[in-house]
Amino acid sequence: MQRKRLTAPDITASKGNRRLVVITAYDAGQAGLAEAAGADILLVGDSLGMVVLGQEDTVSVTMEQMLHHAAAVTRGSGKALVVADMPFLSYQASVEEAVRNAGQLMKQARVQAVKVEGGGEICPQVRAMVSAGIPVMGHLGLTPQHVAALGGFKVQARTAIAAKRLLRDAMALAEAGCFALVLECLPAQVAQLVTRELPIPTIGIGAGASCDGQVLVFHDLLGLYEGFQPRFVKRYAELGRLAREALTEFAQEVRSGNFPGPEHSFDMAPEELVLLLSSLEES
Ligand code: KIV
């Protein structure tokens with residue numbers, strides 16, 4: 001019997017009991033693969049912009065793009081919790097916009113939760129979305145939507161003052177109702193402290209081994225993304241190289257005439273072929 005989908009409360013309740021596996025996904029096929037591997041959460045990250053759409057960062061990703069890809073991930077899965085990133089400027093400008101856009105992701109793409117980047121400054125939006133019945137995951141540390149303000153993709157909270165500020169933001173997000181929190185690119189000691197203090201699970205990426213779960217980008221962990229690889233990425237396969245080799249072999253076989261072979265072709269019944277050829281001779 002197919003087990004029912006995990007819910008945001010299930011994820012919160014898992015704190016201290018088991019480590020959470022989070023994998024990003026951007027289409028139905030990837031969702032099916034990640035879910036079959038046992039992912040608890042499928043994150044339709046706005047990393048979509050970089051690993052799928054060829055953009056240099058996540059800033060240009062739109063609501064339409066997120067809706068399109070998130071709907072595919074929902075269709076391609078049945079057990080994992082599907083969380084969609086809210087794209088840059090879909091929630092920062094006002095509480096109303098945040099609720100409307102998050103609601104659209106739930107209504108149209110049928111995701112079960114959304115993720116937002118930021119600390120205390122977005123707590124009014126988090127509270128309003130949670131009150132509207134929308135589970136919200138937070139994201140602190142290196143928040144790629146702030147790449148211009150942060151001056152690049154860099155490790156965050158390296159000083160005691162910055163780490164205390166991050167801990168305050170994390171507590172504020174939990175109090176505002178977030179069910180889980182992504183911690184990206186932090187010293188392992190800071191992530192450990194936040195994980196210890198917080199009542200909700202932390203999901204680390206470049207934040208050490210003490211988090212309650214870990215997330216990696218699908219393309220990074222399978223070796224499909226050939227752009228910049230941060231130190232925190234572990235490649236569990238080299239599918240990019242395998243794909244290049246297979247595609248090159250196809251191109252060579254097409255040019256040499258070795259593909260398609262008889263086993264990839266269809267035959268006409270011999271009597272129909274005789275009829276065809278004789279009728280062509282007569283005409
Ligand atoms: O966009 C994304 O894929 C993310 C994860 C890396 C946490 O936010």
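Numbers at a glance
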quantity: Lys/Arg +1, Asp/Glu -1 at C-beta; the chain dipole; positive extreme among Ala191, Met268, Val51; calculated: Ala191
quantity: Kyte-Doolittle at least 0.5, axis length at least 20 Å by Cα - qualifying DSSP helices, the chain; calculated: 160-176
quantity: Which of Ser94, Ser265 has the fewest Cβ neighbours within 10 Å, and the rest in rising order; calculated: Ser265, Ser94
quantity: Fewest-first sequence of Ser131, Ser47 by Cβ atoms within 10 Å of each Cβ; calculated: Ser131, Ser47
quantity: Top positive-direction residue, dipole computed over the stretch 8-237 with Cβ charges, set Ala132, Gly119, Gly29; calculated: Gly119
quantity: Stokes-Einstein translational diffusion, the stretch 157-224 - Kirkwood Rh over all Cα pairs, 0.692 mPa s, 37 °C, in µm²/s; calculated: 268
quantity: Order of Arg165, Arg19 under a 10 Å beta carbon neighbour criterion, fewest first; calculated: Arg19, Arg165
quantity: Cα-based convex hull, the chain, per residue volume (Å³, whole number); calculated: 194
quantity: Volume of the Cα convex hull of the stretch 195-250, divided per residue and given in Å³; calculated: 73
quantity: CD proxy at 222 nm, helix term only [per DSSP H run n ≥ 4: -39500 (n - 2.57); per residue of the chain; nearest 500]; calculated: -12500 deg cm²/dmol
quantity: log₁₀ of I(q)/I(0) at q = 0.14, 0.26 Å⁻¹ - the stretch 29-69, Debye sum with one point per alpha carbon; calculated: -0.36, -0.89
quantity: Above-threshold pairs, the threshold being 29 Å between Cα atoms, out of Lys79/Lys115; Lys107/Lys234; Lys15/Lys164; Lys79/Lys164; Lys4/Lys164; Lys107/Lys164; calculated: Lys107/Lys234; Lys79/Lys164; Lys4/Lys164; Lys107/Lys164
quantity: Residue (of Leu216, Leu166, Gly151) at the positive-pole extreme of the chain, dipole from beta-carbon charges; calculated: Leu166
quantity: Under 13 Å from Lys154, Cα to Cα: aspartates and glutamates that are on another chain or at least 8 residues apart; calculated: Glu184
quantity: Where the Cα pairs of the stretch 242-282 fall when distances are cut into 10 Å bins, in %; calculated: 24, 27, 22, 18, 8, 0
quantity: Cα pair distances in the stretch 1-73, grouped into 10 Å bins until the bin that holds the longest one, percent each; calculated: 19, 43, 29, 9, 0
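Readers should treat all values here as calculations from the given coordinates under stated rules, not as data from a laboratory. These numbers were taken from a predicted model, which means no experiment stands behind them. Every residue, glycine as well, gets a Cβ built from its backbone with ideal geometry; the counts of neighbours run over all protein chains shown.
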